[in-house]
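Colleague: Sharing a structure below in structure tokens format, with a few things to ask.
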């Protein structure tokens with residue numbers, strides 16, 4: 001059932017008393033609601049869960065406080081409306097329409113504002129969105145291999161990458177199908193600039209699990225570090241064959257085209273595709289794609305290509321304001 005907008009009658013006097021101008025050191029409504037949503041995100045369980053389930057929990061935390069921000073935004077807008085508002089019994093009166101439909105522009109604007117603020121200021125949301133999906137079947141059942149793995153993880157936390165590498169290598173020597181050890185070995189090699197060894201580790205991980213999302217994505221990222229940008233694009237295409245329609249493919253390709261290959265149009269088209277999928281998934285990564293669109297707009301505006309920018313957004317069913 002579609003929820004209908006609700007029109008609320010407000011007298012300007014009541015509005016003025018209840019929502020007077022905020023004091024300089026007073027928290028804004030956005031800050032207060034964001035703090036509550038951030039506390040909600042603190043309770044999200046991250047280990048041994050699918051990434052999509054974690055993102056869903058983040059969405060629910062944001063959604064919980066979006067309605068309150070909608071109402072606050074409406075009330076702030078009431079002051080502008082009051083200038084020409086009619087008087088009833090000597091008091092100015094205005095009608096404010098609150099739309100509870102979660103597909104409405106009013107809801108989306110408030111949701112996106114809250115999400116944007118949290119992605120910049122809430123460590124719990126940042127941690128949840130950056131958490132790598134974990135699964136026990138990608139761990140080793142060999143105790144000795146797990147022991148080396150845990151030592152490597154501790155070394156990695158201390159940014160002692162050489163010690164981490166030594167322990168990960170021992171882990172995969174004991175258990176050549178220890179997927180997470182191969183993945184983390186690749187990351188550790190990348191940290192010290194040993195990119196070819198990193199690629200080999202990721203490929204060993206894929207040999208054990210051809211659908212491994214982490215190595216598929218990290219192979220593309222490693223080629224970016226190697227400045228082999230076409231190979232990075234090819235790697236993202238390989239990623240797409242295994243996970244068709246995954247927004248990380250489009251976002252990654254968009255970054256490579258825009259930042260490194262200086263192809264604004266292909267960069268924008270891919271980032272727009274990522275933006276739409278993130279939005280459909282209620283993923284906080286939407287705000288990252290939004291920033292990228294802003295950077296590309298600035299670049300295309302400098303080139304005098306704003307019409308092409310708008311055309312690409314239109315082709316991706318994205319409205320430009």
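Colleague: Of everything in the stretch 260-288, what is under 19 Å from residue 111 (Cα atoms) and without any contact (Cβ under 8 Å) to a residue 40 or more places away in the chain? Give them in sequence order.
Modeller: 274, 277, 278, 279, 280
Colleague: Return yes when residue 166 is in contact with a helix residue (DSSP H, G or I) (Cβ under 6 Å, 6 or more places away or on another chain) and over 30 Å from residue 119 (Cα atoms) and no when it is not.
Modeller: No: the conditions fail for residue 166.
Colleague: Still on this structure, please answer the following. Among the numbered conditions (1) at pLDDT below 95; (2) surrounded by fewer than 21 Cβ atoms within 10 Å (Cβ to Cβ); (3) part of a loop (DSSP other than H, G, I, E, B); (4) in contact with a helix residue (DSSP H, G or I) (Cβ under 9 Å, 6 or more places away or on another chain), tell me where residue 283 comes up short.
Modeller: (2)
Okay, residues lined up against (1) touching a strand residue (DSSP E or B) at 6+ places or on another chain (Cβ under 7 Å); (2) free of Cβ contacts under 8 Å to residues at least 60 places away in the same chain; (3) buried (at least 17 other Cβ atoms within 10 Å of the Cβ); (4) more than 27 Å from residue 256 (Cα to Cα):
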site: 164; (1), (2), (3), (4): no, yes, yes, yes
site: 168; (1), (2), (3), (4): no, yes, yes, yes
site: 173; (1), (2), (3), (4): no, yes, no, yes
site: 178; (1), (2), (3), (4): no, yes, yes, yes
site: 196; (1), (2), (3), (4): no, yes, no, no
site: 204; (1), (2), (3), (4): no, yes, yes, no
site: 207; (1), (2), (3), (4): no, yes, no, no
site: 224; (1), (2), (3), (4): no, yes, yes, no
site: 233; (1), (2), (3), (4): no, yes, yes, no
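Colleague: Then there is this: So which residues in the stretch 125-138 are over 13 Å from the mean Cα position of the chain (by Cα) and either modelled with pLDDT of 85 or more or assigned to a helix (DSSP H, G or I) (or both)?
Modeller: Passing the criteria: 136, 137, 138.
The values are calculated or read from the model by the stated rules, or taken from the named source; none is laboratory data. In this text, all values refer to a predicted model and were calculated from it rather than measured experimentally. Backbone-built Cβ (ideal geometry, glycine too); neighbour counts: all protein chains shown.
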